[in-house]
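Each remark here refers to the structure printed beneath this line.
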Amino acid sequence: MHSGERALSLLSVPLNVHILRALKEEERGLTELTRAVGLPPASTMRSYLRSLVEIGALTRHREGGFPGGVSYALTPAGEDLLKVGEILQRWLREAPDGPIALGSPASKSAVKALLDGWCANLVRALAARPLPLTRIDRLIPQISYPTLERRLTAMRLVGLVEAQRDRPGRGTPYCVTPWLSRAVATLAAAAAWESRYVDDTGLGRLDVEAAFLLAARTLELPPGISGTCRLAVEMPAGADPRAAGVILGVEESRITSSTTRLGDDVDASVAGPPADWFRWMIGSEGSRIELGGDTWIARGVLASLRDALMPLPAATR
């Protein structure tokens, strides 16, 4: 499971969203809650409530007396999951074909296309450069060509990628859209939620690289910055490689290059373990992210990254 997948999978299901929203203000009994979310079949309602209780987003209380009714309430994890949903909703409103409402069938399709691309590492591959499907197939051999084609088509239909039909050469290259680049805030918010409430966040090297490569496309750097800056996440003990991230090349405050080969010499660096990156993203105290080299460059890049992930502090505190 990839980082952020579990939280966004929950929010991709309309009934989960309706249940969380219905409990936002107060605890509700099962009958009242069922009415509030549109009277789904009893078996469906029980199944979805059970899943939300198991992941810790809801608590279930049995009332005393006979016949002992049942009520549900949001937990702190559920409240924060709703806040991740608010970030997801802001992203969905920017959809290329017009705003999409969270909890609608269209939002389910968009989030599924995003997650299918994220978990298949399609996002990672295309965040680096435009690629035709034949080249993607060679980079991701563990997934069959027809499956990659279906997922790429779904991403294209919702506006996450687009075909560059005017490019010369064999095959049609596909590239990420600005909307997909802006999805990094949603993915990061989901990963931050998981780091706080789920034991195994599934954070891997390709997740880190994809997130930084997408974020790099959205950065607006302060004036006067030139040089190279490494953004690195220290991976868990025993992982290979020991760090994952990107090196950004900057000329006159414009990003001119990005690479995931971290061994090169750089002018500045920003590094820390995953927990500290997540603390930094949600604005918590105690983050031990370290700045090295030219701190003017490092602070400028870090501040721009914060701007790109601006919704995060309000979403996960």
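The values are calculated or read from the model by the stated rules, or taken from the named source; none is laboratory data. Treat the numbers as computed from the prediction; the structure is a model and nothing was measured. Reconstructed Cβ throughout: ideal geometry from the backbone, glycine too, with neighbour counts over all protein chains shown.
I'd like to verify a number: residues in segment 67-122 that are closer than 17 Å to Val13 by Cβ, of a type in the set (Lys, Arg) and over 13 Å from the mean Cα position of the chain (by Cα), how many?
Total meeting the criteria: 1.
Output the number of residues of segment 84-135 satisfying the condition of being part of a helix (DSSP H, G or I) and over 15 Å from Leu213 (Cβ atoms).
Residues in segment 84-135 being part of a helix (DSSP H, G or I) and over 15 Å from Leu213 (Cβ atoms): 26 in total.
For segment 6-14, state whether one or more residues are at pLDDT 95 or above, within 26 Å of the chain's Cα centre (by Cα) and of a type in the set (D, E, K, R).
no
What about Ala185, is it within 13 Å of the chain's Cα centre (by Cα), of a type outside the set (Phe, Trp, Tyr), buried (at least 18 other Cβ atoms within 10 Å of the Cβ) and over 17 Å from Ala120 (Cβ atoms)?
When the stated conditions are applied, Ala185 passes them.
For segment 79-87, does any single residue satisfy the condition of being closer than 22 Å to Ala189 by Cα, modelled with pLDDT under 95, out of contact with any strand residue (DSSP E or B) (no Cβ under 7 Å at 6 or more places or on another chain) and among the basic types (Lys, Arg)?
Yes, because at least one residue in segment 79-87 is closer than 22 Å to Ala189 by Cα, modelled with pLDDT under 95, out of contact with any strand residue (DSSP E or B) (no Cβ under 7 Å at 6 or more places or on another chain) and among the basic types (Lys, Arg).
Return yes when Pro222 is touching a residue at least 40 places away in the same chain (Cβ under 8 Å), surrounded by fewer than 20 Cβ atoms within 10 Å (Cβ to Cβ), out of contact with any helix residue (DSSP H, G or I) (no Cβ under 7 Å at 6 or more places or on another chain) and of a type outside the set (A, V, I, L, M) and no when it is not.
no
Scan segment 13-35 residue by residue and report those that are closer than 30 Å to Ala183 by Cα and surrounded by fewer than 21 Cβ atoms within 10 Å (Cβ to Cβ).
Val13, Pro14, Leu15, His18, Arg21, Ala22, Lys24, Glu25
Need the failing condition index for Asp276 against (1) charged (D, E, K, R); (2) buried (at least 18 other Cβ atoms within 10 Å of the Cβ); (3) within 15 Å of Phe212 (Cβ to Cβ), just the number.
Just one mismatch for Asp276, condition (3).
With aliphatic (A, V, I, L, M), touching a residue at least 60 places away in the same chain (Cβ under 8 Å), more than 29 Å from Arg279 (Cβ to Cβ) and touching a helix residue (DSSP H, G or I) at 6+ places or on another chain (Cβ under 7 Å) as the only criterion, which of Val184, Val123, Val158 stands out?
Of Val184, Val123, Val158, the one residue that is aliphatic (A, V, I, L, M), touching a residue at least 60 places away in the same chain (Cβ under 8 Å), more than 29 Å from Arg279 (Cβ to Cβ) and touching a helix residue (DSSP H, G or I) at 6+ places or on another chain (Cβ under 7 Å) is Val158.
Look through segment 202-217, keep the residues that are farther than 15 Å from Ile255 by Cβ and not aliphatic (A, V, I, L, M), and return whichever of them is surrounded by the fewest Cβ atoms within 10 Å (Cβ to Cβ).
Gly202
Looking at segment 136-148, which of its residues are among the hydrophobic types (A, V, I, L, M, F, W, C) and in a helix (DSSP H, G or I)?
Hits for segment 136-148 are Ile136, Leu139, Leu148.
Which one of the conditions (1) under 22 Å from Thr259 (Cβ atoms); (2) among the basic types (Lys, Arg); (3) in contact with a strand residue (DSSP E or B) (Cβ under 7 Å, 6 or more places away or on another chain) does Arg124 fail to meet, given that it meets all the rest?
(3)
Filter segment 142-193 for residues that are under 21 Å from Arg217 (Cα atoms) and of a type in the set (S, T, N, Q) and give the result.
Gln164, Thr177, Ser181, Thr186 - these are the residues of segment 142-193 that are under 21 Å from Arg217 (Cα atoms) and of a type in the set (S, T, N, Q).
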